[in-house]
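Written out below as C-alpha cells is the structure these notes cover.
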Amino acid sequence: MPYIGTSPSNGVRQTYDYTATAGQTSFSGSDNNSQTLTYTDSAYIDVYQNGILLVPSDYTATTGTTVVLDTGATVSDTLQIVVYDVFSVADTVSASDGGSFGGNVGVGGTLSVTGNVISPITLAGTTPTLTIGDAGAEDTKIVFDGNAQDYHIGLDDSADTLVIGKGSALGTTTAMSIDANGIITKPLQPAFLAKASSTQTNIALGSGITIEFGTEVFDQNADYNNSTHTFTAPVTGRYLLNYALYGVNLDSAALYYESYLSTSNRNYFSTIDPDYGQDNAYHTFVLTALADMDANDTAVVKVYQNSGTQQTDFGDASHFSGYLVC
C-alpha cells in the first residue's frame, strides 16, 4: 500500500500478530501482544500469512473486529494484520508558523494569549459581557497606552473602589473614584475655599478694591493664590464661584456699594443703596455666578463704594469659594 503521510497526532499503522491453531480461519480479539483487533475499513488493512501478503480475495474483513481466512491455517502459522488509520488532511492553522482562521473559532476551555490581540474586537450576543478578574482578592485594571500619557480604569480591591486615573499604575493619580456605596469623588477636580485672614479696614472710595482672602481652607489642584487673592482657571469650562463679604459700618451717605466678581471674561455685580436713615452696622454681600472661564482666566472679588465717608470694613468672616462644574 502506498505511504499516505504522517497522522497529525498518532502513528498511521497498527500491527496485530496472531499464532494460528490447526485449521483456524477466524482471527479477532486480543493478539500475541494483548492488543485487540479493530479496523475502520477493510480497504485499509494488509494481511500477511507467514510473511506472505494475502490478496483481499483470500480473506473476508467486514465486521471491523474480525478477519476470516478462506482457507484454514496450519498450526503455528503466523498471521499479521496491519491496520492503517483512515484520515483526511485537515484544514488547519500551523501551531509554529501561525495563520488565519476564515470561520468561527470556539474555545471550550481557557484561552491563553501571549502577544497582541489586534483590533477591532466586537463582543456580540444578546447580553455581551466582558469580565475582568475571577472573584479573587486582587486589583484589576485596563490601561490605555498613549503616546505622551497613559490612563487607567481599575478596581482597587482592598478599598472596594473603582478608580479612573492618570498613568498605568492603579491609584497613583486618581481623577475619579466610585466607592461601594456608589459615592463619586474627584480628588483632582479644581475646587477651593479661602477666607479673610483679618479685617480689611476703611476701604478706599471711588475704585474697585480687591478683597483679601489670605487663608486657604482647601485648594484642590492648587489654583488659588492666597497672596494675590486670585483664582486661576486651569482649564476652559464652567466654574461655580461664590462669595460672602461681612461688611461692617456701611455709610448711609454713600450713593451705593457694589460688590462684584471680576473675571477675565466679564464682571458679575451685586449692588445696594445703603440709605436706611442711618449707618448700617452690618451687611453681608453675597453673590453666586456660574462663570464661563477659559484656561488661565482669573477671578477676584472686589468692592466699590461710591461717595460717602471712608469708614467701611470687611471682616475676617468673609469667604470666597469655587469649583469646576463642567
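The values are calculated or read from the model by the stated rules, or taken from the named source; none is laboratory data. What you see is a predicted model, and the numbers here were worked out from it, not measured in a lab. Note that each Cβ is placed from the backbone with ideal geometry, even for glycine, and that neighbours are counted across all protein chains shown.
Computed values, structure above
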| item | result |
| --- | --- |
| Meets criteria (over 30 Å from GLY165 (Cβ atoms), at pLDDT 85 or above and not aromatic (Phe, Trp, Tyr)) for THR140 | no |
| Those residues of the stretch 224-245 which are in a strand (DSSP E or B) and surrounded by fewer than 19 Cβ atoms within 10 Å (Cβ to Cβ), in sequence order | ASN225, THR230, THR232, GLY237, ARG238, LEU240, ASN242, ALA244 |
| Residues being among the polar types (S, T, N, Q) and loosely packed, with under 14 Cβ neighbours inside 10 Å - total across the stretch 39-61 | 3 |
| Test: GLU216 is farther than 22 Å from GLN189 by Cβ and not assigned by TED's automatic domain parsing to the domain that holds ALA175 | no |
| Residue check, GLY171 out of contact with any helix residue (DSSP H, G or I) (no Cβ under 8 Å at 6 or more places or on another chain) and at pLDDT 90 or above | no |
| Meets criteria (touching a strand residue (DSSP E or B) at 6+ places or on another chain (Cβ under 7 Å) and without any contact (Cβ under 8 Å) to a residue 40 or more places away in the chain) for ASN50 | yes |
| Condition met for THR66 (over 42 Å from the mean Cα position of the chain (by Cα), modelled with pLDDT of 90 or more and on the phi < 0 side of the Ramachandran plot) | yes |
| The stretch 267-288, residues that are of a type in the set (Val, Ile, Thr) and surrounded by 16 or more Cβ atoms within 10 Å (Cβ to Cβ) | ILE272 |
| Matching entry among SER252, SER307, SER259, SER264 (being buried (at least 16 other Cβ atoms within 10 Å of the Cβ) and among the hydroxyl-bearing types (Ser, Thr, Tyr)) | SER259 |
| Boolean, ALA135 is without any contact (Cβ under 8 Å) to a residue 12 or more places away in the chain and out of contact with any Pro (no Cβ under 9 Å at 6 or more places or on another chain) | yes |
| From the options ILE178, ILE183, ILE164, ILE153, residue that is exposed (fewer than 13 other Cβ atoms within 10 Å of the Cβ) and either aliphatic (A, V, I, L, M) or assigned by TED's automatic domain parsing to the domain that holds THR230 (or both) | ILE183 |
| Residue in the stretch 136-153 that is on the phi > 0 side of the Ramachandran plot and either in contact with a strand residue (DSSP E or B) (Cβ under 8 Å, 6 or more places away or on another chain) or not in a loop (DSSP other than H, G, I, E, B) (or both) present | no |
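One line per residue, one yes/no per condition, for (1) β-branched (Val, Ile, Thr); (2) touching a residue at least 12 places away in the same chain (Cβ under 8 Å); (3) in a loop (DSSP other than H, G, I, E, B):
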| position | (1), (2), (3) |
| --- | --- |
| ILE164 | yes, yes, no |
| GLY171 | no, yes, yes |
| MET176 | no, yes, no |
| GLY182 | no, no, yes |
| LEU188 | no, yes, yes |
| PHE192 | no, yes, no |
| SER197 | no, yes, yes |
| LEU205 | no, yes, yes |
